[in-house]
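Report on one structure; see the data block that follows.
None of the figures in this text is laboratory data; all of them are computed from the coordinates on show. Not measured: the values here are computed from a predicted model.
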Amino acid sequence: MGQSAKVVPHAKVKIDHHAKLAEEMKQRLKVEELAENIDELEEVVEDVFPILMFTVIISTAILIIFLIRMYMRYSIPNPSKNKINGKTVLITGATSGLGKATALELAKRNARVLITGREKVKVEAIARNIRKKTGNQHVNALQLDLGNLRNIREFVEEFNRTEKSLHVLINNAGYLGPKSATDDGLERTFAVNYLGHFYLTHLLTEKMIKNAPARIINVVSDAYAKGSIDFDDLALNKGYDISKAYARSKFAQVVFNLECHRRLFGACVWSFAVNPGACNTDLLRYYPGLTGNILRVISRIMYKPPEDGAETIVYCAVADGLREHSGKLFANCKVVKINEKVKDKTVARKLWCVSAQLCGFESDVPLEEEEEVKPQAAGEQQAEVKTP
């Protein structure tokens, strides 16, 4: 009995030892299995990693593009519901884009809308289309080429004979493209975007004063902040760049807008510059080469529709309480800070004098202020600009 009692503990120890060995074996197998799984996972990761990274990069790029698109398309609806029953509005470049969208909205607000374009058949078709859409039968088409000073004079002479009133002038037409000259031998971007509108506004000023309060709206671009004017090289003979030429013309428009305010505010003719933002319009149609094709694709995807861009133009045409904001720059239906360099009165006077000379009329700037522009007479400016 005593011997059998001593055998039991020894057997138990042996069993415990085997159990411990078995447990250790299981742990080793688990570690080995885990190591194999890790190796397999590393192989899978190596195979999948390029695809994963490509997916992450593409997703990030799409997100960035989406956010940029949201930013560029951001716009505020026109808060003014005013109608301008019977008021006469003249819009340049209204056969497409911003001009057409503005004309359509003002026709809905019962304005008497006069739209202009270079091609008579096209502008008449647009006028018919707007009349049909809005039911406003007071939408008429006029032919006007802002790149031809003689045509502008004849247009205004006919306008003054046939039209009794003008309450809102919207200078919208624009050109962006390769270097070329107008019929007057002027650099086209400067001539169409700025000088044609300068001359048209000058010739229509008396009619607007008679119908005061009246408004002048100059459609500009944030590109104006990058622009400047070399009065010794209006033809851009020292080097033409499409973007720089466009920025220069918009800079001139903003300077002109401020000068209109200084000259006409006392006669109750208010002027507003409007930056509609990046809009999908026909402005890029003349941009050449691969760059032009890329920009046109980007504009269709990224830029806001012209109907959204026209909101601020319409706001400045119809809203109440804007008298105190005459001369200022608007975007998204509110006043925005203007670049200080356009406030230089010396540049404004010089630009006015040179523009008057190019258009063939005498500047009304006092002689002591005009002296610095006299050395280069209008004929010399014309001769210089004739080189395309």
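Taking a ≥ b ≥ c as the square roots of the eigenvalues of the Cα gyration tensor of region 273-371, is the shape rounded (a/c under 1.5), prolate (a/b larger than b/c) or oblate?
Verdict is oblate for region 273-371.
Tell me, what ³J(HN,Hα) does each residue in region 50-56 have, in order and in whole Hz, if you take phi through Karplus 6.51 cos²θ - 1.76 cosθ + 1.60 with θ = phi - 60° and put x for Gly and Pro?
x, 5, 4, 5, 4, 4, 4
Can you flag which of Lys83/Lys108; Lys122/Lys164; Lys226/Lys250 are past 18 Å Cα-Cα? Intermediate results must be reported in sequence, preceding the final value.
Numbers: Lys83/Lys108 8 Å; Lys122/Lys164 25 Å; Lys226/Lys250 9 Å.
Going by Cα-Cα distance, Lys122/Lys164 fall outside the 18 Å limit.
Convert each backbone phi in region 278-291 into a coupling constant with the Karplus relation 6.51 cos²θ - 1.76 cosθ + 1.60 (shift: θ = phi - 60°), then list the ³J(HN,Hα) values in order as whole Hz, x for Gly and Pro.
Values, residue by residue: 6, 10, 7, 10, 8, 4, 8, 5, 9, 5, x, x, 4, 4 Hz.
Starting from the Cα coordinates of region 85-373, work out the convex hull volume and express it per residue in Å³.
Numbers: hull volume 36.7 nm³, N = 289.
With only Cα atoms used, region 85-373 gives 127 Å³ per residue.
Do me a favour and compute the ellipsoid semi-axes for region 93-143 from its Cα gyration tensor, root of five times each eigenvalue, largest one first, whole Å.
Gyration-tensor ellipsoid for region 93-143: 16, 11, 9 Å.
Short version: what are the Cα gyration tensor semi-axes of region 186-302, square root of 5 times each eigenvalue, largest first, in whole Å?
Values: eigenvalues 169, 63, 26 Å².
Its equivalent ellipsoid spans semi-axes of 29, 18, 11 Å.
On alpha carbon coordinates alone, what is the Rg over Rh value for region 129-189, Rh being the Kirkwood radius?
Numbers: Rg = 15.0 Å, Rh = 14.2 Å.
So for region 129-189, dividing Rg by the Kirkwood Rh gives 1.05.
List the residues whose amide H sits under 5 Å from the amide H of Thr88, counting only those 5 or more places along or on another chain, with H placed 1.01 Å from N in the peptide plane.
Amide H to amide H, under 5 Å and 5 or more residues apart or across chains, Thr88 pairs with Arg112, His167, Val168.
Check Ala214: other-chain or 5+ apart residues with amide H under 5 Å from its amide H, H built from backbone geometry?
So Ala214 has HN proximity to Val269, Trp270.
Using the Karplus equation 6.51 cos²θ - 1.76 cosθ + 1.60 (θ = phi - 60°), what ³J(HN,Hα) coupling, rounded to whole Hz, does each residue of region 193-198 give in order, writing x for Gly and Pro?
6, 10, 5, x, 6, 4
Strictly over 28 Å apart at the Cα level, which of Lys207/Lys328; Lys87/Lys244; Lys120/Lys343; Lys81/Lys244; Lys100/Lys334 would you flag in this model?
Numbers: Lys207/Lys328 23 Å; Lys87/Lys244 37 Å; Lys120/Lys343 38 Å; Lys81/Lys244 38 Å; Lys100/Lys334 22 Å.
Correct reply: Lys87/Lys244; Lys120/Lys343; Lys81/Lys244.
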